[in-house]
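Take a look at the structure below.
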Amino acid sequence: MEQKDYLIIGQGIAGTILSYQLYKLGTRFKVIDDPQFSRSSRIAAGLANPVVLKRQKWVKGAEHFTENLSRFYQEMEKDLKTNFFHPLPLYHLFQSIGEINDWQQNASKVHLQSYLGEIFQSEIPNVNSPFGYAKVENIFWVNTQAMISSWRQFLKEKGALIEESFEAKDYPDYIHIYCNGHLLSEQFPQFQSVFTKTKGQVMIIKSNALIPDYGLHSSVFTLPLGNQLYKVGSTYEHRKLNDETSPEGLSRLRSDLEKFYTGPYELVEHFAGVRPNIKDRQPLLGKIKDGNYCFNGLGSRGILMAPYLSEHFCKYLIYANELKPIWDLQRFN
């Protein structure tokens, strides 16, 4: 019996990286995506950072995720003949003396020592940092919109993209792989209690007073996009979980930015999305039922996790390797 092709539902970060992995393996697939639906990838910072900076903690399993991570995105850039990979100095602004002491102690720990860098007391123009700041080493960010758009164009040229809403009954001749974030729970209600969705709002600002050579991290982050544009975000909201912006969300973004940034800026764009967080903070991979699989739940660290997880998932999907139990969706049964 001939093997069915794979149909990937959703082309956010998860669907983009997984379909790229399948392409590299020479596996037959198509991607179906309606861009009007969940846009959580738009609010992603795109930072490949394995450290939770507020608590200076190592992201669980990040030693796997960081291996060959830079190389993966650089190779993808080369294949797509585009530019979305950006090495980035990031400065974390301290909120207290105690936080500085914690940084100094944690900087000697095995996983953290490559990332928790030098502490500075010098002033940054137009930035209020009375306790100083420290450099986060060896990280980069991915322009998620540029990556997703360039891969989308590649899929179109290959005839591998279907731009419409997904109805399972319309595609009986495919193996379905759900990469559609929290919308998965609409097709499979048993996952409604698994997701702990949060809404994020982000703004794009224009400023000639921020320095474009690095990003800043405090109550919100700033990422330089070029041409005096910066992404600022994001909020974490547990109500009104939709992709609609709100005046309250914008006010919160402005307030958090102005806690440390004292220069002028102009609002260019404001958008929102819902993160597909899972209640145990681990991704959701595996078999839902015959012919239906899931590569989902990457949360706010999709850029960090997706390359390794997609390779792990492909080995499971194609070669019948075992999934790690911590990521297998069967843990919720």
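The values are calculated or read from the model by the stated rules, or taken from the named source; none is laboratory data. These numbers come from a predicted model, not from an experiment. As a convention, Cβ positions derive from the backbone with ideal geometry for all residues, glycine included, and neighbour counts pool all protein chains shown.
Results for (1) touching a residue at least 60 places away in the same chain (Cβ under 8 Å); (2) farther than 21 Å from Asn296 by Cβ, shown as yes or no for each residue.
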| position | (1), (2) |
| --- | --- |
| Lys135 | no, yes |
| Gln145 | yes, no |
| Gln153 | no, yes |
| Ser165 | yes, no |
| Asp173 | yes, yes |
| Tyr178 | yes, no |
| His182 | yes, no |
#### Entry: Filtered residues of the stretch 1-15 (kept if over 14 Å from Cys314 (Cβ atoms) and in contact (Cβ under 8 Å) with a residue 60 or more places away in the chain)
Lys4, Asp5, Leu7, Ile9, Gly10, Gln11, Gly12, Ile13
### Message
Please pick out the residue among Ser165, Ser122 that is modelled with pLDDT under 95 and closer than 21 Å to Val274 by Cα.
### Response
Ser165
### Message
Looking at (1) among the hydrophobic types (A, V, I, L, M, F, W, C); (2) under 16 Å from Ile177 (Cα atoms); (3) at pLDDT below 95, which one does Leu317 not meet, given that it meets all the others?
### Response
(3)
#### Entry: Positions within the stretch 172-200 being surrounded by fewer than 18 Cβ atoms within 10 Å (Cβ to Cβ), part of a loop (DSSP other than H, G, I, E, B) and over 17 Å from the mean Cα position of the chain (by Cα), in sequence order
Pro172, Asp173, Phe188, Gln192, Ser193
## Note on the structure
Counting only residues that are in contact with a strand residue (DSSP E or B) (Cβ under 9 Å, 6 or more places away or on another chain) and free of Cβ contacts under 8 Å to residues at least 24 places away in the same chain, the stretch 291-322 contains a total of 1
### Query
Which one of these is under 27 Å from Tyr115 (Cα atoms) and buried (at least 21 other Cβ atoms within 10 Å of the Cβ): Leu18, Leu47, Leu53?
Leu47
#### Entry: Breaking point among (1) in a strand (DSSP E or B); (2) in contact (Cβ under 8 Å) with a residue 60 or more places away in the chain, for Gly286
(2)
### Query
Is there a residue in the stretch 79-92 that is among the basic types (Lys, Arg) and within 30 Å of Gln153 (Cβ to Cβ)?
yes
## Note on the structure
Met76 fails exactly one of (1) over 20 Å from Pro212 (Cα atoms); (2) assigned by TED's automatic domain parsing to the domain that holds Thr222; (3) touching a residue at least 24 places away in the same chain (Cβ under 8 Å), namely (2)
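For (1) more than 20 Å from Gln21 (Cβ to Cβ); (2) outside the structural domain of Cys179 (by TED's automatic domain parsing); (3) within 14 Å of the chain's Cα centre (by Cα), each residue gets a yes or a no:
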| residue | (1), (2), (3) |
| --- | --- |
| Pro283 | no, no, yes |
| Lys287 | no, no, no |
| Asp290 | yes, no, no |
| Ser300 | yes, no, yes |
| Ala306 | no, no, yes |
### Query
Residue check, Arg239 against (1) in a loop (DSSP other than H, G, I, E, B); (2) over 24 Å from Tyr91 (Cα atoms); (3) under 17 Å from the mean Cα position of the chain (by Cα), all met but one. Which one?
(3)
